[in-house]
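Take a look at the structure below.
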Amino acid sequence: MEIVSRQSFSWREVPALLVSIVVCELAGIAPSILTATSVATWYTTLQKPGFTPPSWVFGPVWTTLYLLMGIALYLVWRRGDNRFALGIFAVQLVLNASWTLVFFGMQWPAGGLAVILALLVAIVATMVAFARIDRRAAALLVPYLCWVSFATLLNYELWRLN
């Protein structure tokens, strides 16, 4: 699947693409920095289900997902009549960052579960809105939806076990 066709892409658009990617990456980096102590201390004390991935998996997975989200954001942003879709995208990005702050920052798995359930709904709404503008943008969010679905199950089990 070609993300940006050669005929429609201009090198003048590179800054907008980079800004879209950086905005998404920062939505993951900022809360992670704020909660790094809890991740290194509190989280390590939790009883975890057997399907919990090793800690080293999360960084590369989330970096890739934020990259894909940034590309999707760019594809929708560059098209006209996109306000509603961009608004829904912003909501899901805020929920995404909020989950880290609630789960790790507040050390509150039940609150994290509530946030991640809202996030799932917001991701699906974003995908529907993006698909109306650019189906490629919606497709780029499929891995994100899959990972957050898995993370929801993991969050539920962490809440149940602790």
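The values are calculated or read from the model by the stated rules, or taken from the named source; none is laboratory data. A quick note: this is a predicted structure, and the numbers were derived from the prediction, not measured. When we count neighbours, we look across all protein chains shown, and the Cβ atoms used for this are built from the backbone with ideal geometry, even at glycine. The accessibility values were calculated without ligands, DNA or RNA, using every heavy atom of the protein model including side chains. Shrake-Rupley method; radii C 1.70, N 1.55, O 1.52, S 1.80 Å.
Summed over the stretch 68-93, the residues that are more than 19 Å from SER149 (Cβ to Cβ) and either open to solvent by 70 Å² or more (accessible area, probe 1.4 Å) or modelled with pLDDT under 95 (or both) give a count of 8.
With the requirement that a residue be open to solvent by less than 60 Å² (accessible area, probe 1.4 Å) and either of a type outside the set (Ser, Thr, Tyr) or in contact (Cβ under 8 Å) with a residue 40 or more places away in the chain (or both), what does the stretch 137-149 give you? Before the answer, list the steps.
The first filter runs over the stretch 137-149 and keeps only residues open to solvent by less than 60 Å² (accessible area, probe 1.4 Å), leaving 137-141, 143-145, 147-149.
Of everything in the stretch 137-149, those that are open to solvent by less than 60 Å² (accessible area, probe 1.4 Å) and either of a type outside the set (Ser, Thr, Tyr) or in contact (Cβ under 8 Å) with a residue 40 or more places away in the chain (or both) turn out to be ALA137, ALA138, ALA139, LEU140, LEU141, PRO143, TYR144, LEU145, TRP147, VAL148.
Can you name every one of the helices (runs of 4 or more DSSP H) wholly within the stretch 73-151 that holds 1 or more residues which are within 19 Å of ALA30 (Cβ to Cβ) and of a type in the set (S, T, N, Q)?
Numbers: elements: 83-100, 109-133, 135-140.
Answer list for the stretch 73-151: 83-100.
So that you can scan it fast, the table gives a plain yes or no per residue for (1) under 23 Å from PRO60 (Cβ atoms); (2) of a type outside the set (S, T, N, Q); (3) in contact with a strand residue (DSSP E or B) (Cβ under 7 Å, 6 or more places away or on another chain):
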site	(1), (2), (3)
SER98	yes, no, no
PHE103	yes, yes, no
VAL121	no, yes, no
ALA131	no, yes, no
THR152	yes, no, no
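Determine whether the stretch 4-17 contains at least one residue that is at pLDDT 95 or above and exposed (fewer than 15 other Cβ atoms within 10 Å of the Cβ). Looking through the stretch 4-17, none of the residues is at pLDDT 95 or above and exposed (fewer than 15 other Cβ atoms within 10 Å of the Cβ).
Say whether the condition of being assigned to a loop (DSSP other than H, G, I, E, B), in contact with a helix residue (DSSP H, G or I) (Cβ under 8 Å, 6 or more places away or on another chain) and under 22 Å from PRO109 (Cα atoms) is met by at least one residue in the stretch 3-17. If you could, list the steps in order and put the result at the bottom.
Our first condition is that a residue be assigned to a loop (DSSP other than H, G, I, E, B); within the stretch 3-17, this holds for 3-10.
After this cut, where a residue has to be in contact with a helix residue (DSSP H, G or I) (Cβ under 8 Å, 6 or more places away or on another chain) as well, the list is 3-4.
Still in the list and also under 22 Å from PRO109 (Cα atoms): none.
Taking every residue of the stretch 3-17 in turn, none turns out to be assigned to a loop (DSSP other than H, G, I, E, B), in contact with a helix residue (DSSP H, G or I) (Cβ under 8 Å, 6 or more places away or on another chain) and under 22 Å from PRO109 (Cα atoms).
When only residues in the stretch 27-51 that are touching a residue at least 12 places away in the same chain (Cβ under 8 Å) and polar (S, T, N, Q) count, which is farthest from TRP99 (Cα to Cα)? Among those that are touching a residue at least 12 places away in the same chain (Cβ under 8 Å) and polar (S, T, N, Q), it is GLN47. Checked against (1) within 21 Å of LEU18 (Cβ to Cβ); (2) open to solvent by 30 Å² or more (accessible area, probe 1.4 Å), THR41 passes all but a single condition, namely (1).
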